[in-house]
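The values are calculated or read from the model by the stated rules, or taken from the named source; none is laboratory data. This is a predicted model, so every value here is computed, not measured. A quick note on method: Cβ atoms are made from the backbone with ideal geometry, for glycine too, and the neighbour counts reach across all protein chains shown. Remember, those area values only see protein heavy atoms, side chains included, never the ligands or the DNA or RNA. Shrake-Rupley method; radii C 1.70, N 1.55, O 1.52, S 1.80 Å.
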Amino acid sequence: MQENKRPLTDWLPITKKELKYHGWDELDVILVSGDAYVDHPSFGPAAIGRIIESHGFRIGIIPQPQWKDDLRDFKKFGKPKYFFGVTAGCMDSMVNHYTASKRKRSTDSYTPGGEAGFRPDYAAITYSKILKELYPDVPVVIGGIEASLRRITHYDYWSDKLMPSILESSGADMLVYGMGEQPLREMLTLLKKGVPFQSLKTVKQTTWLINEEEDVPKNKNWVDIELSSHEDCLGDKLKYAANFKVVEIESNKTNARRIVQKIGKKTLVINPPFATMTEKEVDGSFDLPFTRMPHPKYDKRGSIPAYDMIKFSINMHRGCFGGCSFCTISAHQGKFIASRSEKSILAEVEEVVKHPDFKGYISDLGGPSANMYKMKGIDLSICDKCQAPSCIHPVVCSNLDTSHKPLTSIYKAVDSHPKVKKAFIGSGIRYDLLVSEYNKKLDVEAADEYLEQVVTRHVSGRLKVAPEHTADATLKIMRKPSFKFFHKFKEKYDKIQNKHGLKQPLIPYFISSHPGCKEEDMANLAAETKDMGFQLEQVNDFTPTPMTVATVIYYAGVHPYTLKPTYAPRTKQEKQDQHRFFFWHKPENQQWINDKLRSVGQEGLAERLVGRPNMLNKPRKNSPNYKGGNENSSKPKTKHINRTKVETIEGKPMPKWLADKRKKQTEGGNSSSSRSKKKSRTGKKRK
Ligand code: SF4
């Protein structure tokens, strides 16, 4: 961890002593967070804390309080004047704590030293209950990704059941969903004017509960839609699935309806979301006086892996219009892109280069998807009426402006900065946007210029992209384009590489056990990628996280948009079997793959993957393992990085120490089984 000489008052206070340094006796708002306090715009608790501070409120943070002792951490600041804010942290605590196979992780990327055990399961619920017990008369507001994606009846994979809105489970008074700046700013303005907290019922993007005998307050600007009650969902999976479709559509509309749902003797009210943030508003959030460092209290406890990963990275926009079925980004950040100005981004570069540890390398100039910066509808009045959950699936919308020029301009500006040796693109690039056969209205010249700039100046050794699968039927359920467009992209990529004499492998990511994916699809995926010369080492096993299309299919067995039965691998055995096809190159899998495929009449596929029976476990000429007949030479030509939830954090690459640890864990077996040997949990994401 870097030395820092800044005064403690540059950080928001986290101890009673620091409160005194600020000259405060009490606080207006206290934030309780499941993450360590890193004062950086990429960390939600810090961003929210700085916004509250910017409105002139006295704000303190209680990071990672101990929840099993006499609760002294929760009591240290006493009562806040206005409310407690609660967040589980930058990740859902269950995703943070468990692997796709529900094994406890051994590290936590949002804790100093990467140590596990500093946050409870279902953290937002635990913290809120404690606060309501200690201070029943003080309002509790929950937010962050865990609260946001659990705002309505949702499937919880870890307890394998439907849970009601987290407002009901936590006892909190209000929930802020999505990115919290806009609702928070409005709440603070109203509170400052003297409006009592209990009257804040019309703030957009907030959710609250009323008793069933109370009427939902009338609002002439909003149209209401009532969904099936929580109890109806418990009794009928189709009702739960149908609810999801409405929630997703309303979350992605410019003029959304207010959602109402009965839960027992209460009524849940979800106010519509705010409009997409303007450039000025997004800049406002990033330009706050962050120290961009962890609180000095952690100096002796080791570095915070998630911070190490992003300390030299720059986030250029929010939102994603991809609408992938397994992803929660658009459900949380929205479908419409909110971009920062070039000026604000370049000002942040100036801050990054001043960091005492900066050695000239920016690790990521990115966003949820690297290449959606400044993209939006050409005619916004058409977007205002649109209900599509994705702007690029099943086809790229003809109203979408996918110009890559603003992005190329920023890359070039950062690249020419005298103190920047290299600025990498660590976030995933949507390769389909760059393929004219898929993106029919693509400005090919601008897209080619962008890709050439990326390949020649911004790739850190290899470029990772995410076709996610090769089977069209599975890709359709994933809301991803056909794999044939990945081939087209690879042609372009290879051409640029050859032109510049570069050797930076293209690394495709895939998901196994995704709804719609059958065993034969995984076998075909393995064969097709093998034919392309890839020997992939790890695959992301699908995790059903709250509020995704894929999770609804996993639980309900139907697609929420058609209510038609849709297959999803559910058992441990099914998941493991899908995994094994992917690892066709491991000797221990070859006999099994051979027997399995031949037993269902897929001799051709068996031969393509593992060869003739008498060749089993022997390297073959068409195998990347072939080394002139030496059976012991099995060093792969192409390495593939694991893209599980534990390998990325908020869409950023994992730091080297954690990646090395993962690599060790996965040697000699699949990632989940080796992780199972660990006693506790790891930090992860993201995306
Ligand atoms: S009209 Fe097209 S660009 Fe606009 S929101 Fe809908 S799909 Fe996206």
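For this structure, a couple of remarks:
- Rounded if a/c under 1.5, otherwise prolate or oblate - the range 125-184, Cα gyration tensor axes: oblate
- Prolate/oblate/rounded call for the range 1-86, Cα gyration tensor, a/c under 1.5 rounded: rounded
- Amide H partners (placed H, <5 Å) of Leu162, local residues excluded: Asp156
- For Thr470, the shell of other residues with beta-carbons less than 10 Å away shows a net charge of -3, using +1 for Lys and Arg and -1 for Asp and Glu.
- Taken per residue, the accessible surface of the chain reaches 39 Å², heavy atoms only and a 1.4 Å probe.
- Listed residues Pro65, Pro120, Thr15: farthest to the positive end of the dipole of the range 1-144 (Cβ charges): Pro120
- Furthest towards positive pole of dipole, Val349, Leu380, Tyr361, structure part the range 341-463, Cβ charges: Tyr361
- Given charges at Cβ of Lys, Arg, Asp, Glu: the range 113-246 dipole, positive-most of Pro196, Leu209, Val138: Pro196
- The chain, dipole about Cα centre (Lys/Arg Cβ +1, Asp/Glu Cβ -1), debye to the nearest 20: 1800
- Among beta bridges that DSSP assigns inside the chain, antiparallel share in %, nearest 5: 45
- Taking the average, over residues, of other Cβ atoms within 10 Å as the packing measure, peptides 520-530, 87-97, 560-570, 237-247 rank 87-97, 520-530, 237-247, 560-570 from highest down.
- Ranked by how many other beta carbons lie within 10 Å on average, peptides 425-432, 127-134 from highest: 425-432, 127-134
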